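S.K.: After the structure tokens below, expect a handful of questions from me.
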Amino acid sequence: MAIITGGNQSGSSSYEVLNSARFDSNSSEYLNQTFGTATNRKKFTLSLWVKRSELYAVSSETKYIMSGGTNASTNMNEFFFRIDTLYFNGFESSVEKFGLKTNAVFRDTSAWYHIVIAYDSTQGTASNRIKLYVNGVQVTSFATEVYPTQNYEPLMNSAVAHEIARNLDAKYFDGYMSEICFIDGQQLTPSSFGETDTNSGIWKPKQISGLTFGNNGFYLEFQTASALGDDTSGNNNDWTTNNLDTTNQTADSPSNNWCTGNPLYVPTSGSNGVPSGWEDGATVATNRGSGLNWGGEATFRMESGKWYWEVKVGANMANGAGFGIFTDGAHLYNGSPGGEAWYLNSGNKQIDQSSTSYGASYTDDDILSFSYDADNGILIAFKNGVSQGNLFTAGSGKIYVPSFGIANGSLQQNFFNFGNSAATIASGNSDGNGYGNFEYAVPSGFYALNTKNLAEFG
């Protein structure tokens, strides 16, 4: 589903979350730490903001948020997405000690979710021993509901290995995390970490202050790109980074949500059985098929305003590719039903499946830029910073999203940059609001696709 504003966009607020960490399962990216002696193993609270970037339809594809234990099969506490539902479970010696599976599904890849797990096994009422909250609201409907015995001490928050964005069985997470806060020794409510915006009614982050973190407590704000595992709680419970670098720090946050690729619309598997789709926080479109035609679209609609984005062309352009915009709601999938306006690698343009001459051809490592004036329906394409002229003038009443198409593809990766790229950017240009990191200068009056800009100019 394409959107015009992010699901967790903050309204007016003096507190802004500036950063997140982006995790990619294909690059085996995660954080790890071995906890020390807990303040109180019977009580803890985990709070974090998460934005998914990859969805699967098979239960074997489990995306881990956090885990703690000694053996992935027999002794493990795990918090994860499986397909669209949230799980929090714990096993010791292969015996289930607790297990929650939500009835609610969480498949909005355009929005940030705030999730809180509050554990207190001293509670007399079993259902009070684990409380799960999403966006400030307690989840009370579960498909599976097993609570720990009174005074049970879980593996999470004990002196064992803990991992973020992975479990001990080397299964990873795809997406973004922000404001990860762990409290050792207390069962807290979401109000310690967030609040309802009085103007919009949307749940938003608030400044974390006045909390007692306990021995194992930590706070990951991802403020320093070169040290993403730094704990800023004052405890110095730093995490070790694995396969992460400075490009894993992003400006995508619960306070300013950014456009990404939309993993709700991906093709069937290629000839090797591996699905094509979005990687690296849904900023890299990867085609893994042989002879497979497919296309993708972004999460943000361009209904009004003036918008700018870039694409670094991947390998194997001889197989055919086109980049530009697509009619929102048509949902490009395994070939185009019409509605596209693309700049083709041949130098032609393709409008509603009709190809005509346009500009210069492009190939591997070229950088394409697009400016779309939604108020006047004008799309202009650039190759390596040079305008190729007016590519398309939209008719009235049409709403478009950034998109692409690939014909007869083999392995190919194209790096989309909505101002928050997973690729290294050499030049460092921003829009007139100071948002984004682009290779080429943003045309005057055009802006990066994020919810701050959409609220102001969209």
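Throughout, read-outs are computed from the coordinates displayed, never taken from laboratory work. Fair warning: this is a prediction, and the values are worked out from it, not measured in the lab. No Cβ is skipped: glycine too gets one built from the backbone with ideal geometry, and neighbour counts run over all protein chains shown.
S.K.: Students often check this: by mean Cβ neighbours within 10 Å, which of 134-146, 358-370 ranks highest, and how do the rest follow?
M.R.: So the peptides 134-146, 358-370, ranked by packing, come out 358-370, 134-146.
S.K.: Of the peptides 39-46, 386-393, how do they stack up when ordered by the mean number of other Cβ atoms within 10 Å, highest first?
M.R.: 39-46, 386-393
S.K.: Sticking with this structure for a sec: Between the stretch 23-74 and the stretch 366-430, how many Å separate their Cα centres?
M.R.: Taking the Cα centre of the stretch 366-430 as reference, the centre of the stretch 23-74 is 35 Å away.
S.K.: Can you tell me what percent of all Cα-Cα pairs in the stretch 170-247 are more than 17 Å apart?
M.R.: Values: 1636 of 3003 pairs.
Beyond 17 Å sits 54 percent of the P(r) for the stretch 170-247.
S.K.: Quick check: residue separation of S127 and S354 times 0.36 nm, minus the Cα distance between them. What number comes out in nm?
M.R.: Gain in length upon complete extension: 75.7 nm.
S.K.: Cut-off under 15 Å on the C-alpha distance; same-chain residues fewer than 8 positions from K398 excluded. Which aspartates and glutamates are left, in chain and number order?
M.R.: E303, D328, E340, D352, D373, D375
S.K.: Continuing with the same structure: Excluding T144 itself, what net charge comes from residues whose Cβ is under 14 Å from its Cβ, given Lys and Arg +1 and Asp and Glu -1?
M.R.: Summing Lys and Arg as +1 and Asp and Glu as -1 gives 0.
S.K.: Amide H to amide H under 5 Å from F98: which residues, 5+ apart in sequence or cross-chain, H placed 1.01 Å off N in plane?
M.R.: G90
S.K.: Continuing with the same structure: Take R82, R166, R107 and order them by how many other Cβ atoms sit within 10 Å, fewest up front.
M.R.: Least to most surrounded, the residues fall as R107, R82, R166.
S.K.: Follow-up. Only helical DSSP H runs with n ≥ 4 go in: add -39500 (n - 2.57) per run for the chain, normalise by residue count and round the 222 nm mean residue ellipticity to 500 deg cm²/dmol.
M.R.: -500 deg cm²/dmol
S.K.: Provide the per-residue ³J(HN,Hα) series for the stretch 33-49, in order, calculated from phi with Karplus coefficients 6.51, -1.76, 1.60 and θ = phi - 60°, each as a whole number of Hz, with x at glycine and proline positions.
M.R.: Per-residue couplings from phi come out as 7, 9, 5, x, 6, 6, 5, 7, 5, 8, 9, 6, 9, 10, 10, 7, 10 Hz.
S.K.: What ³J(HN,Hα) values, in whole Hz, does the Karplus curve 6.51 cos²θ - 1.76 cosθ + 1.60 give for the stretch 427-441 when θ = phi - 60°, with x put for Gly and Pro?
M.R.: 8, x, 9, 10, 7, x, 8, x, 9, x, 9, 10, 6, 10, 4
S.K.: How do K306, K51, K398 line up, fewest other C-beta atoms within 10 Å first?
M.R.: By the 10 Å Cβ count, ascending: K398, K306, K51.
S.K.: Averaging the inverse of every distinct alpha carbon separation and then flipping it gives the Kirkwood radius. What is it for the stretch 213-253, in angstrom units? Please report the intermediate quantities before stating the final value.
M.R.: On the way: mean 1/r = 0.0928 Å⁻¹.
Taking the inverse mean of 1/r over all distinct Cα pairs, the stretch 213-253 comes out at 10.8 Å.
S.K.: Now for a different question. In Å³ and rounded to a whole number, note down the convex hull volume per residue for the Cα atoms of the stretch 277-457.
M.R.: Per-residue hull volume (Cα only) is 103 Å³.
S.K.: From the backbone phi of the stretch 203-219, what are the Karplus-calculated ³J(HN,Hα) couplings (6.51 cos²θ - 1.76 cosθ + 1.60, θ = phi - 60°) in whole Hz, Gly and Pro given as x?
M.R.: Each residue's phi maps through the Karplus curve to give 5, 9, x, 10, 5, 7, 8, x, 8, 9, 7, x, 4, 8, x, 8, 9 Hz.
S.K.: Provide the descending list of Cα extents for the chain along its principal axes, expressed in whole angstroms.
M.R.: Computed over the Cα atoms, the extents are 72, 49, 38 Å.
S.K.: Once you order the gyration tensor axes a ≥ b ≥ c over the Cα atoms, which shape class does the stretch 385-435 get: rounded for a/c under 1.5, otherwise prolate or oblate by comparing a/b with b/c?
M.R.: Since a/c reaches 1.5 but b/c is at least a/b, the shape of the stretch 385-435 is classed as oblate.
S.K.: Can you return the lysines within cross-link range of K204? Criterion is Cα-Cα under 18 Å, with same-chain partners fewer than 8 residues away left out.
M.R.: Partners within reach: K51, K452.
S.K.: Got the relative contact order for the chain handy, in percent, Cα pairs under 8 Å and 6 or more residues apart?
M.R.: Dividing the mean separation by the residue count of the chain yields 18 percent.
S.K.: 5 Å is the cut-off here: which amide hydrogens, built 1.01 Å from N in the peptide plane, fall below it relative to T260, excluding neighbours closer than 5 in sequence?
M.R.: It is T299, F300, by chain and number.
S.K.: Rg (Å, one decimal) plus Dmax (Å, integer) for the alpha carbons of the stretch 20-250?
M.R.: In order Rg, Dmax, the Cα atoms of the stretch 20-250 give 16.3, 50 Å.
S.K.: Using a Cα-Cα cut-off of under 16 Å, which lysines could be cross-linked to K97, ignoring same-chain neighbours fewer than 8 residues away?
M.R.: Result set, ordered by chain and number: K42, K43, K131.
S.K.: For a protection proxy built on the mean count of beta-carbon atoms within 10 angstrom, sort 430-438, 252-260, 110-118, 176-184 highest first, please.
M.R.: 252-260, 176-184, 110-118, 430-438
S.K.: Based on the Cβ-Cβ distance from A225 to T363, what FRET efficiency comes out when R0 is 35 Å, to the nearest 0.05? Could you put the intermediate results ahead of the total?
M.R.: Working: r = 31 Å, r/R0 = 0.89.
After rounding, the FRET efficiency stands at 0.65.
S.K.: Expressed in nm to one decimal, what extension gain is obtained for the pair S430 and N243 from 0.36 nm per residue of sequence separation less their Cα-Cα distance? Numbers along the way, then the final one.
M.R.: Values: separation 187, 0.36 × 187 = 67.32 nm, distance 2.72 nm.
Separation in residues times 0.36 nm, less the Cα-Cα distance, equals 64.6 nm.
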